[in-house]
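In what follows, a single structure is set out as structure tokens and then discussed.
The values are calculated or read from the model by the stated rules, or taken from the named source; none is laboratory data. Predicted model, so just to flag it, every value in this text is computed and none were measured. Because the Cβ atoms are built from the backbone with ideal geometry, glycine has one as well, and the counts that use them run over all protein chains shown. Only protein heavy atoms, including side chains, enter the accessible area calculation; ligands, DNA and RNA are left aside. Shrake-Rupley method; radii C 1.70, N 1.55, O 1.52, S 1.80 Å.
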Amino acid sequence: MRRRNFLQLCAAAGLGFSTPVAPSTIASAVEADRELPSYDGPYYIVFNASGGWDTTYLMDPKGINEINRLYKHGDILTEGNHRFAPDAENIESGISNETFFAKYGKELLVINGLDYSVNNHSPCSRYMATGKLDSLAYPTFAALVAACNGPDVPLAFLTFGNYSATGNLVPMSRVPYLNSLNRLANADGVDGSTRHSYHDDFVSDRIERALEAQLQTRIESNRLPRVERSQSMLYAAQLNSKALQRVTPFIPKSSPKERLSRQVDIALASFRAGICVSANLSIGQFDSHANNDADQMKLIPEFLAGVDYLITKAEQWNIREKLVVVMQSEMGRTPTYNKGNGKDHWSIGSIMFLGAGIQGNRVIGATDEQQFLVPINPETLALDKEGGIRLRPEHVHSALRDFAGISTHRSCDNFPLKVAEHERLKNLFG
């Protein structure tokens, strides 16, 4: 085993760069040329507009009751079944709503009128990420799907901020820069170089074979479960180090200046290398208590540009058909302005989806003229003011688990959402 790989990966284990691997998996990897298998999708990306976006300036437009100051009711635009706020004339950079809905409206599923129940950042972020409001133990969906689909994948769950709990199911991996990814992938090279290693190849090979022989002896001997798990964790560093090297050819030579684009490049390179299942992406500053309109007109186009960058580049790399994209925020903004021309916390919001297997050109749920939610029928997904349910994050997460095919996985059994059968959303994703 490469000594530098081992030391660096073990040192980084607290950040999730070293994944516990089952003894059976290790034994198989030893037999199969000492390498973990590559993960081939689907890949999940969750975009977080941290702080609380103003949905009336995006997918849930309101041109009445002075809810916004940039457009009137007659200015609201449509694309297929979508209604959205016009903003092309009010932005300086990024992607306008007009461009975004024109490009992705046919693929886009929008859910409006989502009830967060509270309006505080921490519980709302947790609720949106996990589908569970009253527990700190539950994993985010991104971590949960990584644990179910790729528990032995080296960087199974990547996160760049926002709520990132794992439920102790899978390590949390943070790789902030492309250069960090390169150094991680080539930790045995001087400054991450693939040409200048600390050991000659024949030395590294002999070290690896010696360690493998030791491991095989340990696997064949009877050991207590705790000892067996410890040996597994140590050897995982070696297997992961070899698997991480696969990302090297996919790392871009230069890094974009945009915040989300930099995160996207790291996630996509990891997806292409088969070393990642899911990524939690985030940009902040949406908490526009002052100067709401100016802030939202800067941040929403930046957010949409990050999504557009992901889809465009994934298409170039031929993995777009394997992507599932979630776009969310932990809350909305109030329908009224405060004295600082800002908007405060609002416990009703929206979420958007697009990607593999998701039926687009659809809008589920709604808010009324005062921006209060309208209940829906969970069976038909139609608006039902009298007999419908208040759509909450656990309803969406339960459907999302079904969609991802993990709802019967033992990891999900350990973190039940307990949605009553008569409230389960039917065919939410088509």
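Table for the structure above
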{"read-out": "Hits in the stretch 258-285 (condition: assigned to a strand (DSSP E or B) and under 17 Å from residue 44 (Cα atoms))", "value": "278, 279, 280, 281, 282"}
{"read-out": "Residues (open to solvent by less than 60 Å² (accessible area, probe 1.4 Å) and not in a loop (DSSP other than H, G, I, E, B)) located in the stretch 404-427", "value": "404, 411, 412, 423"}
{"read-out": "Residue match in the stretch 358-377 (condition: in contact with a Pro (Cβ under 8 Å, 6 or more places away or on another chain) and under 29 Å from residue 138 (Cα atoms))", "value": "no"}
{"read-out": "Residue 288 being over 22 Å from residue 109 (Cα atoms) and assigned to a helix (DSSP H, G or I)", "value": "no"}
{"read-out": "Candidates 394, 379, filtered to the one that is in contact (Cβ under 8 Å) with a residue 24 or more places away in the chain, open to solvent by 40 Å² or more (accessible area, probe 1.4 Å), not in a strand (DSSP E or B) and not β-branched (Val, Ile, Thr)", "value": "379"}
{"read-out": "Number of the condition not met by residue 430 [criteria: (1) surrounded by 18 or more Cβ atoms within 10 Å (Cβ to Cβ); (2) modelled with pLDDT under 95; (3) not hydrophobic (A, V, I, L, M, F, W, C)]", "value": "(1)"}
{"read-out": "Matching residues in the stretch 168-185 - criterion: being hydrophobic (A, V, I, L, M, F, W, C) and part of a loop (DSSP other than H, G, I, E, B)", "value": "169, 170, 172, 175"}
{"read-out": "Residues being open to solvent by 10 Å² or more (accessible area, probe 1.4 Å) and more than 17 Å from residue 36 (Cα to Cα) - total across the stretch 262-279", "value": "2"}
{"read-out": "Residue match in the stretch 315-326 (condition: in a loop (DSSP other than H, G, I, E, B), modelled with pLDDT of 95 or more, open to solvent by less than 10 Å² (accessible area, probe 1.4 Å) and not basic (Lys, Arg))", "value": "no"}
{"read-out": "Pick from the stretch 242-290, criterion under 21 Å from the mean Cα position of the chain (by Cα) and β-branched (Val, Ile, Thr), ranking: farthest from residue 140 (Cα to Cα)", "value": "251"}
{"read-out": "Residue that is touching a residue at least 24 places away in the same chain (Cβ under 8 Å), among the small types (Gly, Ala, Ser), closer than 24 Å to residue 128 by Cβ and open to solvent by 10 Å² or more (accessible area, probe 1.4 Å), where the choices are 329, 282, 288", "value": "282"}
{"read-out": "The stretch 335-365, residues that are surrounded by fewer than 21 Cβ atoms within 10 Å (Cβ to Cβ) and among the hydroxyl-bearing types (Ser, Thr, Tyr)", "value": "336, 337, 347"}
{"read-out": "All strands (runs of 3 or more DSSP E) inside the stretch 27-135 with 3 or more residues being within 18 Å of the chain's Cα centre (by Cα) and either touching a residue at least 60 places away in the same chain (Cβ under 8 Å) or within 25 Å of residue 308 (Cα to Cα) (or both)", "value": "43-49, 109-115"}
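Yes/no matrix, rows are residues, columns are (1) charged (D, E, K, R); (2) buried (at least 17 other Cβ atoms within 10 Å of the Cβ); (3) within 26 Å of residue 289 (Cα to Cα); (4) touching a strand residue (DSSP E or B) at 6+ places or on another chain (Cβ under 8 Å):
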position	(1), (2), (3), (4)
61	no, yes, yes, yes
69	yes, no, yes, no
72	yes, no, yes, no
81	no, no, no, yes
88	no, no, yes, no
